[in-house]
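The values are calculated or read from the model by the stated rules, or taken from the named source; none is laboratory data. If you're wondering where the values come from, they're calculated on a predicted model, not measured in any experiment. Glycine gets a Cβ as well: all are built from the backbone with ideal geometry, and neighbour counts include every protein chain shown.
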There are 2 protein chains.
Amino acid sequence: MNDAQAAQDITVCGDDDIAEQEALQDVLIDPQTANRLAEIFKALSDPSRLRLISLLMDHEVCVHSLETAVGMSQSAISHQLRYLRQLNLVRFRKEGRHVYYALDDDHVRELFAQGLLHVEHG
Amino acid sequence: MNDAQAAQDITVCGDDDIAEQEALQDVLIDPQTANRLAEIFKALSDPSRLRLISLLMDHEVCVHSLETAVGMSQSAISHQLRYLRQLNLVRFRKEGRHVYYALDDDHVRELFAQGLLHVEHG
DNA sequence: CTAATATATGAATATATGTTCATAGATTGA
DNA sequence: TCAATCTATGAACATATATTCATATATTAG
């Protein structure tokens, strides 16, 4: 029996059974945790952002190189980078006219890598 | 040096260096992969859905129990369950008037668990 | 059969989101 | 200094999304 099937082991229905409702409350994540978790996953929920993130995983890249690599407009890229910046998921370094971005969050790095594994094989 | 800092090792900027641009193309995920990846993360990008998913991780739960547990309206829950159903992330089993839902995707299970670990500790 | 219960659904609405367009700011080269 | 380059930003717009409201469907109880 795999993990997905194991979920069927415990069945919860009806308010009559107090123990079952308590079991649910034990696993239910609280609203604040849900918000913070959603914030992380939302950063990974857009194809354009994911393509940018894939480039920033192991490289420090300037905006123009991102532009030519992914084929998005400079403005769209800059807006997405600001979004990632505000979540502290990337760091940036200014050098002359260029600004170099790099992924700066190992949680996102791991989630991205794990998600990619799943999408690529089974 | 941690993983996040390691990303700084390689710097890419400028179209003059062909090798650098090729290095980016190697790690850039293709649009189809980005779409499928975004689809998974998007399912995990809403606090209400995350709370429902937390309940369905290890239990098979009927809609009414979900309602009392998370405090959402029956309609809102039903809409979110349809969303998860259409992505084949949950399975459901009808028994009389009740419908029991359970998480049915180990990828989502792993991503949720890993994300939660990160949110809870460091 | 009828009423009550459990779940699903479509329409409407408000908000969020990603992109474009135009433009601003900053740095360098001539 | 002036023009060119690189990046950031605000407004506008179109689309997506989550919820509510009203209602439909299905099953069971009486």
task: Answer yes or no as to whether B:VAL61 is within 15 Å of DNA strand D (Cβ to nearest atom), within 13 Å of A:CYS13 (Cα to Cα) and at pLDDT 95 or above.
output: no
field: Of all residues in the range A:82-106 being in contact (Cβ under 8 Å) with a residue 40 or more places away in the chain and more than 11 Å from DNA strand D (Cβ to nearest atom), the one that is farthest from the other protein chains (Cβ to nearest Cβ)
entry: A:LEU87
- prompt: Which residues, taken from the range B:42-81, are more than 7 Å from chain A (Cβ to nearest Cβ), within 16 Å of B:ASP104 (Cβ to Cβ) and charged (D, E, K, R)?
  reply: B:ARG49
- request: Kindly establish whether A:LYS42 is surrounded by fewer than 19 Cβ atoms within 10 Å (Cβ to Cβ), touching a Ser or Thr at 6+ places or on another chain (Cβ under 8 Å), free of Cβ contacts under 8 Å to residues at least 40 places away in the same chain and of a type in the set (Lys, Arg).
  value: yes
field: Lone unmet requirement of (1) within 10 Å of chain A (Cβ to nearest Cβ); (2) within 19 Å of A:ALA34 (Cβ to Cβ) for B:HIS121
entry: (1)
- prompt: Is it true that some residue in the range A:107-114 is over 13 Å from A:ILE53 (Cα atoms), more than 10 Å from DNA strand D (Cβ to nearest atom) and either surrounded by fewer than 14 Cβ atoms within 10 Å (Cβ to Cβ) or at the interface with chain B (Cβ under 9 Å from one of its Cβ atoms) (or both)?
  reply: yes
